[in-house]
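Undergrad: A single structure is presented below for examination.
The values are calculated or read from the model by the stated rules, or taken from the named source; none is laboratory data. Everything numeric here is computed off the predicted structure, so don't read it as measured data. Cβ sites come from the backbone with ideal geometry, for glycine too, and all protein chains shown count toward neighbours.
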Amino acid sequence: RMAQDTLERKLVELFRNAIEETGMKNVAWAGGVASNIKANMKIRHLPELDRWFVFPHMGDGGLALGAALFLNFKKNGVWKYKFDNVYFGPHYSEEEIEKELKASGLKYEYEKDIAGRVAELVTEGKIVFLYQGRMEFGPRALGNRSILAPASSLESKNALNLKIKKRVWYQPFCPTVLEEDCKKIFEDYDYIERFMTMGFMVKEEMRKEMAAVINVDGSARPQMLTTENERYRKILERIKKATGLGAVLNTSLNLHGYPIVNTPKDVIEVMKKTKNPYMAMENFFVELE
């Protein structure tokens with residue numbers, strides 16, 4: 001606690017001094033310490049700041065993209081970029097996915113309404129693996145290599161932790177929330193946070209509905225979803241239709257101590273090892289018998 005308080009105090013001092021000396025009130029922030037959500041909250045609320053951006057892959061891995069952007073600037077003079085999403089990783093076709101499914105021996109079927117199928121299971125309290133599109137760049141799963149569960153269910157959260165994630169009890173899970181529901185949920189909603197780099201305080205009257213995705217202090221680290229991921233958005237919309245709230249527990253699709261899955265073979269192995277019964281892979285629905 002003392003270390004965290006000291007860090008927050010020193011960072012606030014650093015940012016205030018930098019703004020005062022430079023006159024620059026639009027700030028971008030990266031580096032390992034930029035993954036400290038509580039400190040980011042403190043900085044964000046500084047009245048001296050006008051605009052604030054935390055780079056999605058804030059650790060050393062983000063240097064690769066920084067180097068590429070710098071080279072593009074040197075060669076082509078391009079220096080402005082808009083980060084609507086970070087789906088920069090590998091993508092596997094339905095043909096490649098089905099080839100691995102056939103080899104796995106798992107039961108699967110082609111599902112036209114995969115978003116509806118996933119939403120229905122989550123609404124029923126089930127845990128569902130979601131594997132689709134291009135892999136996320138960075139440490140956060142943002143709907144393409146994700147494990148989904150109800151945002152309100154402590155029972156599902158505990159089952160997820162016991163069987164798959166094996167986290168310490170105080171390490172929270174995070175939500176994905178439809179952007180249009182953020183004002184309803186968060187006290188201090190003041191901008192769209194797409195990449196789970198910032199904490200927001202959950203309103204007291206919404207904490208029961210968000211019970212599985214809040215910290216002990218009532219904060220949460222959301223992905224606020226707009227239109228950047230069509231299928232994932234459809235899942236949230238269907239959940240909202242069933243429950244009245246467009247929110248879901250979203251955590252990275254991996255075993256404890258391992259990186260986020262990349263290939264179809266990776267995710268099939270995780271399903272077999274964890275014995276989690278439900279998975280959506282693009283438009284294929286997979287179910288353990």
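Undergrad: Hey, does segment 215-224 have a residue that's under 18 Å from the mean Cα position of the chain (by Cα), closer than 25 Å to R134 by Cβ and among the polar types (S, T, N, Q)?
TA: Among the residues of segment 215-224, at least one is under 18 Å from the mean Cα position of the chain (by Cα), closer than 25 Å to R134 by Cβ and among the polar types (S, T, N, Q), which makes the answer yes.
Undergrad: When both residues are 6+ apart or on different chains and their Cβ atoms are under 9 Å apart, which pairs have a first residue that lies in segment 4-32 and is in the same structural domain as L46 (by TED's automatic domain parsing), and a second that is of a type in the set (D, E) and part of a helix (DSSP H, G or I)?
TA: G31/D60; G32/D60
Undergrad: Condition check: modelled with pLDDT of 95 or more, β-branched (V, I, T) and not in a loop (DSSP other than H, G, I, E, B). Does T197 satisfy that?
TA: The answer is no for T197.
Undergrad: Wholly within segment 88-180, which helices (runs of 4 or more DSSP H) include no fewer than the required count, namely at least 3 residues that are crowded, with 22+ Cβ neighbours inside 10 Å?
TA: Those helices (runs of 4 or more DSSP H) span 114-123.
Undergrad: Oh, and also: Considering only residues that are of a type outside the set (F, W, Y), over 17 Å from G133 (Cα atoms) and under 27 Å from the mean Cα position of the chain (by Cα), which ones fall in segment 72-108?
TA: Scanning segment 72-108 gives K80, K82.
Undergrad: Okay, next question. Tell me whether segment 30-52 contains one or more residues that are polar (S, T, N, Q) and surrounded by fewer than 14 Cβ atoms within 10 Å (Cβ to Cβ).
TA: No, there is no match, as no residue in segment 30-52 is polar (S, T, N, Q) and surrounded by fewer than 14 Cβ atoms within 10 Å (Cβ to Cβ).
Undergrad: Look through R9, R16, R51 and report the one residue that is over 21 Å from G89 (Cβ atoms) and modelled with pLDDT under 95.
TA: Only one candidate qualifies: R51.
Undergrad: Among L11, L69, which is the only one that is within 23 Å of R194 (Cβ to Cβ), within 24 Å of the chain's Cα centre (by Cα), among the hydrophobic types (A, V, I, L, M, F, W, C) and in a helix (DSSP H, G or I)?
TA: After ruling out the rest, the residue left standing is L69.
Undergrad: Within the bounds of segment 206-227, is there any residue that is in the same structural domain as E111 (by TED's automatic domain parsing), of a type in the set (D, E, K, R) and farther than 29 Å from R51 by Cα?
TA: yes
Undergrad: Does segment 53-66 include one or more residues that are out of contact with any Pro (no Cβ under 6 Å at 6 or more places or on another chain), of a type in the set (V, I, T) and free of Cβ contacts under 8 Å to residues at least 24 places away in the same chain?
TA: Checking segment 53-66: not a single residue is out of contact with any Pro (no Cβ under 6 Å at 6 or more places or on another chain), of a type in the set (V, I, T) and free of Cβ contacts under 8 Å to residues at least 24 places away in the same chain.
Undergrad: While we're here: Of everything in segment 99-119, what is touching a strand residue (DSSP E or B) at 6+ places or on another chain (Cβ under 7 Å) and among the polar types (S, T, N, Q)? Give them in sequence order.
TA: Answer for segment 99-119, where residues must be touching a strand residue (DSSP E or B) at 6+ places or on another chain (Cβ under 7 Å) and among the polar types (S, T, N, Q): there is none.
Undergrad: With respect to M58, determine if the residue is assigned to a loop (DSSP other than H, G, I, E, B) and surrounded by fewer than 13 Cβ atoms within 10 Å (Cβ to Cβ).
TA: no
Undergrad: Another question, then. Return only the number of the condition from (1) surrounded by fewer than 18 Cβ atoms within 10 Å (Cβ to Cβ); (2) over 27 Å from P264 (Cα atoms); (3) under 17 Å from the mean Cα position of the chain (by Cα) that F200 does not satisfy.
TA: (1)
Undergrad: Something else about it: Please find, among P150, P139, the residue that is closer than 20 Å to T123 by Cβ, in the same structural domain as K126 (by TED's automatic domain parsing) and in contact with a helix residue (DSSP H, G or I) (Cβ under 9 Å, 6 or more places away or on another chain).
TA: P150
Undergrad: In this structure, is K126 under 23 Å from S252 (Cβ atoms) and touching a residue at least 40 places away in the same chain (Cβ under 8 Å)?
TA: Taking the combined requirement at face value, the residue satisfies it.
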